[in-house]
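Here is the structure we will look at, set down as structure tokens.
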Amino acid sequence: MNHDSHIASVLKALDDHDTFYLLGHEDPDADCLGSQRALGSWLGRRGKKAHLCSVGPWGRPEIFDWEPLFIGKIPPLEDGDQPLIVILDCSSPERTGFPDTALPEAVTCVIDHHAAGSDFGDIRYVDPLCPSTTLMIQKLIETAGDEPTAEEAEILFLGFCTDTGYFRHVEPGRAEPLEAVSRLVAAGASPAETFRLLAGGRSLGSRKLLGRVLERSELYFDGRLVISWENWKDWRELGSERDSDMLYQLMMSISGIEAAAVIREQNDGICTVGFRSITNLDVSDIARFFGGGGHRKAAGCTMSGDLHDVTEHLLQIFADRFD
Ligand code: AMP
Ligand code: MN
Ligand code: MN
């Protein structure tokens with residue numbers, strides 16, 4: 001699908017407004033926050049005012065330092081403001097984690113690369129084939145005839161690397177995104193520095209937790225599915241720092257494996273579940289069944305119940321898919 005007309009409508013909306021509320025999804029990653037930061041920085045260069053809003057939590061080491069740049073609340077409208085609300089890396093107000101009532105009455109624009117989600121938003125630029133939302137922001141900046149600054153390039157490159165597992169999930173025939181990120185490197189982004197940022201800076205506790213979760217892994221359906229779990233007791237003991245993709249990488253390296261699910265049990269009867277797939281099995285479909293979403297090969301959802309209930313429920317659904 002050609003997105004030129006969507007890009008043009010977003011650029012017109014960005015041109016038509018002077019104040020912006022840039023929102024991403026809750027439990028933000030570097031693609032979501034990086035899209036907010038880079039777009040905010042570019043708008044700032046054009047003399048506009050952008051509020052970067054995120055409910056957090058700030059559990060991922062690669063974005064720890066970014067927390068002071070974001071506000072955890074939607075600031076009130078100032079007199080005469082006619083803002084544009086831009087929702088990035090997700091497609092609905094609920095996914096932002098802000099209560100509906102917190103959002104001001106305003107024109108809304110959605111920029112996202114997830115297929116799931118509603119048709120929410122007055123202006124929509126949604127491209128499920130784009131590997132990261134940061135790449136969509138780069139396209140906006142470049143289509144406007146501008147170039148990312150060195151700092152924007154660094155942030156945009158980090159978002160791309162986060163969502164592609166540092167290029168591991170780039171599909172065959174996708175030269176265009178690679179050409180785009182090569183321009184980011186030319187503008188100052190460092191692949192070496194970005195890898196260190198994504199792979200390093202972890203606490204010893206988080207490495208021990210990785211070992212513990214691997215140890216708990218169980219195989220199902222003749223070794224096609226692996227499930228493991230962690231819970232609030234683990235986090236109390238070892239810290240709740242979010243792993244990068246390392247756990248999934250190790251789980252998906254088991255011979256014969258097709259999909260993985262990691263259940264994170266909170267202490268309030270709620271579990272969040274992360275999914276990965278390396279075959280045609282579409283885990284976003286499973287996540288959507290439970291009210292979540294994501295991509296075909298990486299998805300997530302929140303489910304009520306304890307570890308036992310959630311495991312049983314997941315096995316029932318996966319049984320249909322592995323028939
Ligand atoms: P994660 O396992 O947290 O890295 O998430 C993998 C993918 O699933 C990302 O694209 C997330 O945005 C998406 N995702 C995770 N949890 C949810 C949820 N509760 N609702 C919708 N999408 C989700
Ligand atoms: Mn994201
Ligand atoms: Mn993303």
Helix-derived [θ] at 222 nm for the chain: sum -39500 (n - 2.57) over DSSP H runs of at least 4, divide by residue count, nearest 500? -11500 deg cm²/dmol
So who's got an amide H within less than 5 Å of the one on residue 229, skipping anything under 5 residues away but keeping other chains? H placed 1.01 Å off N, in plane. 263
Over region 204-321, with the other protein chains present, what is the accessible area per residue in square angstrom, probe 1.4 angstrom? 49
Rounded to the nearest 10 degrees, the helix 175-186 long axis (Cα) sits at an angle to the longest Cα principal axis of the chain of 70
Under the rule rounded for a/c under 1.5, else prolate if a/b exceeds b/c, else oblate, using alpha carbon gyration tensor axes a ≥ b ≥ c, region 66-113 is classed as oblate
Considering amide H positions built from the backbone, and no H for Pro or chain starts, which residues 5 or more places from residue 124, or on another chain, come under 5 Å of its amide H? 110
Relative contact order (%) - the chain, alpha-carbon pairs under 8 angstrom, separation at least six: 13
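Under the classification rounded if a/c is under 1.5, otherwise prolate if a/b is larger than b/c and oblate if not, where does region 35-155 fall, given a ≥ b ≥ c as square roots of the Cα gyration tensor eigenvalues?
In terms of gyration-tensor shape, rounded.
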Stretch gain in nm, segment residue 147-residue 69, where the contour uses 0.36 nm per residue and the Cα spacing is subtracted: 25.8 nm
Please tell me which of these pairs span more than 31 angstrom C-alpha to C-alpha: 12/297; 48/297; 49/233; 139/208; 233/297; 73/208? 12/297; 48/297; 49/233; 139/208; 73/208
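When the chain is fully extended, how far beyond the present Cα-Cα distance does residue 193 get from residue 26, taking 0.36 nm per residue of separation?
Full extension of this stretch gives 57.5 nm more.
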If R₀ is 45 angstrom, what is the calculated FRET efficiency for the pair residue 233 and residue 120, using the beta carbon separation as r and rounding to 0.05? 0.75
FRET efficiency for residue 309 and residue 255, Cβ-Cβ distance as r, R0 = 25 Å, nearest 0.05? 0.25
Go through region 54-60 residue by residue and turn each phi into a ³J(HN,Hα) via Karplus (6.51, -1.76, 1.60, θ = phi - 60°); whole Hz please, and just put x for glycine and proline. 8, 7, x, x, 9, x, 9
Residues whose placed amide H lies under 5 Å from that of residue 71, excluding near-sequence neighbours: 52, 53, 54
If you scale each eigenvalue of the Cα gyration tensor by 5 and take the root, what three semi-axes come out for the chain, rounded to whole angstrom and sorted largest first? 33, 21, 20
Between the Cα axis of helix 30-45 and the main Cα principal axis of the chain, the angle (0 to 90°, nearest 10) is 10
Mind running the shape call on region 204-321? Use the C-alpha gyration tensor, a ≥ b ≥ c as the square roots of the eigenvalues: rounded below 1.5 for a/c, prolate if a/b tops b/c, oblate otherwise. oblate
With everything on Cα atoms, drop me the angle between helix 307-321 and the longest principal axis of the chain, reported from 0 to 90° to the nearest 10. 80
Ordering 309-322, 163-176, 283-296 by per-residue average of other C-beta atoms within 10 angstrom, highest first, gives 283-296, 309-322, 163-176
Derived scalar couplings ³J(HN,Hα) [region 206-215; Karplus, 6.51 cos²θ - 1.76 cosθ + 1.60; whole Hz; x for Gly, Pro]: 5, 5, 5, 5, 4, x, 5, 5, 4, 4
Share of the chain's accessible area from carbon and sulfur, percent, 1.4 Å? 50
Expressed in nanometres to one decimal, the distance between label points 7 Å along Cα→Cβ at residue 94 and residue 323 is 2.7
For region 74-80, 3J(HN,Hα) per residue [Karplus equation, 6.51 cos²θ - 1.76 cosθ + 1.60, θ = phi - 60°, Hz, x = Gly/Pro]: 7, x, x, 5, 8, 3, x
Tell me which of 87, 260, 144 sits at the most positive position along the dipole axis of the chain, charges placed on C-beta atoms (Lys, Arg +1; Asp, Glu -1). 260
Unit charges on C-beta of K, R, D, E only; dipole of the chain, Debye: 740
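The values are calculated or read from the model by the stated rules, or taken from the named source; none is laboratory data. These figures come from a predicted structure and were not determined experimentally. No Cβ is skipped: glycine too gets one built from the backbone with ideal geometry, and neighbour counts run over all protein chains shown. Note: accessible area is taken over every heavy atom of the protein model, side chains too, but ligands, DNA and RNA are not part of it. Shrake-Rupley method; radii C 1.70, N 1.55, O 1.52, S 1.80 Å.
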